[in-house]
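Here the structure comes first, spelled out in structure tokens, and everything after it is commentary.
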Amino acid sequence: MDSHIVWNEAEGNAYADGNPYIGPDAVLNGVFGRIMQEHEYFNLKDIELHEMSNDKVLATLRYDAKHKNGNSYDAQAAHFWILKDGKIVAFQQYVDTKKLLEATGK
């Protein structure tokens, strides 16, 4: 991950409140830290990577998760990555935010 990565969560996702997250510490604290605090588990599954031109990668996947409120969800997602010199410089999440909202209440 590049030290100046620009990270965006999907519009409508509760974690999009900090968009864009700039740098690894912002991503760790604003996204991953919150996910771990609010979930009993959060797994990525059925990951397929689709190489594109110009150092771009699209990942299609599913989130298999259980929120600490007891609700579980299995949500379809896509992650769009831009690379430069072997490091991730940009990230955009696309996810079924309705399913997240129904499970998390956020």
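No value in this document is a laboratory result; all are computed from the given coordinates. Computed from a predicted model, the values in this text were never measured in an experiment. Counting neighbours? That spans all protein chains shown, and the Cβs are built from the backbone with ideal geometry, glycine included.
Of note:
- Tally of residues being assigned to a strand (DSSP E or B) and charged (D, E, K, R) across segment 85-100: 1
- The residue list K56, K87 contains one member that is under 23 Å from M1 (Cα atoms), surrounded by fewer than 16 Cβ atoms within 10 Å (Cβ to Cβ), in contact with a strand residue (DSSP E or B) (Cβ under 6 Å, 6 or more places away or on another chain) and in contact (Cβ under 8 Å) with a residue 24 or more places away in the chain, which is K56.
- Qualifying residue in segment 6-15 (condition: acidic (D, E), touching a residue at least 12 places away in the same chain (Cβ under 8 Å) and surrounded by fewer than 16 Cβ atoms within 10 Å (Cβ to Cβ)): yes
- For segment 69-84, the criterion of being touching a Gly at 6+ places or on another chain (Cβ under 7 Å), of a type outside the set (A, V, I, L, M), surrounded by fewer than 14 Cβ atoms within 10 Å (Cβ to Cβ) and assigned to a loop (DSSP other than H, G, I, E, B) is satisfied by at least one residue.
- Tally of residues being surrounded by 14 or more Cβ atoms within 10 Å (Cβ to Cβ) and farther than 15 Å from A16 by Cα across segment 91-106: 2
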